[in-house]
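Student: Here's a structure for you.
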Amino acid sequence: MIRSWQGDPELEPLYHRLQARKKRRGFLDSYAEAQVALQARKQGCSLQVEVPTPSGKTCDLLLERNGVKLFVHVKRLSGRRPTHKRLKISSRLRILECIEKPWVVKVRWNEVLDDKLMQEYVTSAAAFIETARLGDEYVVRDTQGVEIGGVKIMAPNDERRVLLVIGLPTGFVDESPQIVRLLKRAQKQFMPKEANLILVCTPTVQGANDMESALLGSHVERWDEKPKKGARVAHGRSDDGFWDTTHMAESHMAGWFWLAPMSGVYQGKMWIRECCDLPEDVVTLANEIFSTEC
């Protein structure tokens, strides 16, 4: 498909850039831009690549459709090299999902646990979840004091029941700080007085959660706000989000997508800032192209 871009007045520069890349990192950086360009082309946009800005920097892509323009800045979160190991997920974990607590809970465990140790892990994890608060983390150990896993309360859950997400056996990784750095780099490349969109891609679909925390702030208990009906504590966002500071006032839209070269399917999500004052047709264009959520 990418080879077919030869001779295309809009996409040929991306083809030559991909051909020139000699290392994996550079190739994936260019491939991320190519994936965005292809998605925009499928949605009927015309494109320009590497558009110069007055500051001497460049914008990755300029998209235009029906007279509406959108300057797009693509950043890629580097991840660990993918492995082909399969993580066996025990059915005993289903017990944790039955706990009536309104939490999104990340769990991790040693890959070599036998059935007995897995039961010990689930029992300890369940006891922790019953009394834990937002942000709490617990290291689970066996009777000899050896670490066999961990549990972390990640976010509130509207379902009023535990929702599990799987962490790495080696530990929990929060990519939000690194994504914030990418967002700040992207803003320095903005085209002044125009509609700019930052797109960050990650090597896993779980990156969407880290992107949301990077933009809005990490989940915390808020004692300065009134709790929801039936709740004792209000939950909200901390002030560590990219959009929390007034220094980032030029940024009104941001998106995430999954970089999956072997998939060929675009999967993305969009966020619009509460104070967004961009024209409605610009926001509509960005959502129609880069949000695949129903």
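The values are calculated or read from the model by the stated rules, or taken from the named source; none is laboratory data. It should be emphasised that the depicted structure is a prediction, and the values quoted were computed from it without experimental measurement. Every residue, glycine as well, gets a Cβ built from its backbone with ideal geometry; the counts of neighbours run over all protein chains shown.
Student: Does residue 258 meet the test of being farther than 19 Å from residue 64 by Cα, touching a Pro at 6+ places or on another chain (Cβ under 9 Å) and at pLDDT 90 or above? Break it down into steps so the answer makes sense when it comes.
Tutor: Values: farther than 19 Å from residue 64 by Cα: yes; touching a Pro at 6+ places or on another chain (Cβ under 9 Å): yes; at pLDDT 90 or above: yes.
So residue 258 passes the test.
Student: Quick check on residue 134: is it at pLDDT below 90, within 24 Å of the chain's Cα centre (by Cα) and either crowded, with 16+ Cβ neighbours inside 10 Å or of a type in the set (Ser, Thr, Tyr) (or both)?
Tutor: Details: at pLDDT below 90: yes; within 24 Å of the chain's Cα centre (by Cα): yes; either crowded, with 16+ Cβ neighbours inside 10 Å or of a type in the set (Ser, Thr, Tyr) (or both): yes.
Yes.
Student: Would you check if residue 188 is in contact (Cβ under 8 Å) with a residue 40 or more places away in the chain, within 30 Å of residue 283 (Cβ to Cβ) and surrounded by fewer than 17 Cβ atoms within 10 Å (Cβ to Cβ)? Don't jump to the end; show me each part of the working.
Tutor: On the way: in contact (Cβ under 8 Å) with a residue 40 or more places away in the chain: yes; within 30 Å of residue 283 (Cβ to Cβ): yes; surrounded by fewer than 17 Cβ atoms within 10 Å (Cβ to Cβ): yes.
Yes.
Student: Out of 50, 100, 64, I need the residue that is surrounded by fewer than 19 Cβ atoms within 10 Å (Cβ to Cβ), at positive phi, modelled with pLDDT of 90 or more and acidic (Asp, Glu). Which one? Reasoning before the result, please.
Tutor: Numbers: 100 fails: at positive phi; 64 fails: at positive phi.
Among 50, 100, 64, only 50 is surrounded by fewer than 19 Cβ atoms within 10 Å (Cβ to Cβ), at positive phi, modelled with pLDDT of 90 or more and acidic (Asp, Glu).
Student: Can I ask one more? List pairs: first in region 269-284 and acidic (Asp, Glu), second not in a helix (DSSP H, G or I), Cβ under 6 Å, 6+ apart or cross-chain?
Tutor: 281/68
Student: Any chance region 185-207 includes a residue that's modelled with pLDDT under 85 and either closer than 24 Å to residue 131 by Cβ or of a type in the set (A, V, I, L, M) (or both)?
Tutor: Yes, the conditions are met somewhere in region 185-207.
Student: Looking at (1) farther than 15 Å from residue 268 by Cβ; (2) touching a helix residue (DSSP H, G or I) at 6+ places or on another chain (Cβ under 9 Å); (3) crowded, with 16+ Cβ neighbours inside 10 Å, which one does residue 71 not meet, given that it meets all the others?
Tutor: Status for residue 71: all satisfied but (2).
Student: Give the number of residues within region 270-288 that are farther than 14 Å from residue 243 by Cβ and not in a loop (DSSP other than H, G, I, E, B).
Tutor: Matching residues across region 270-288 total 9.
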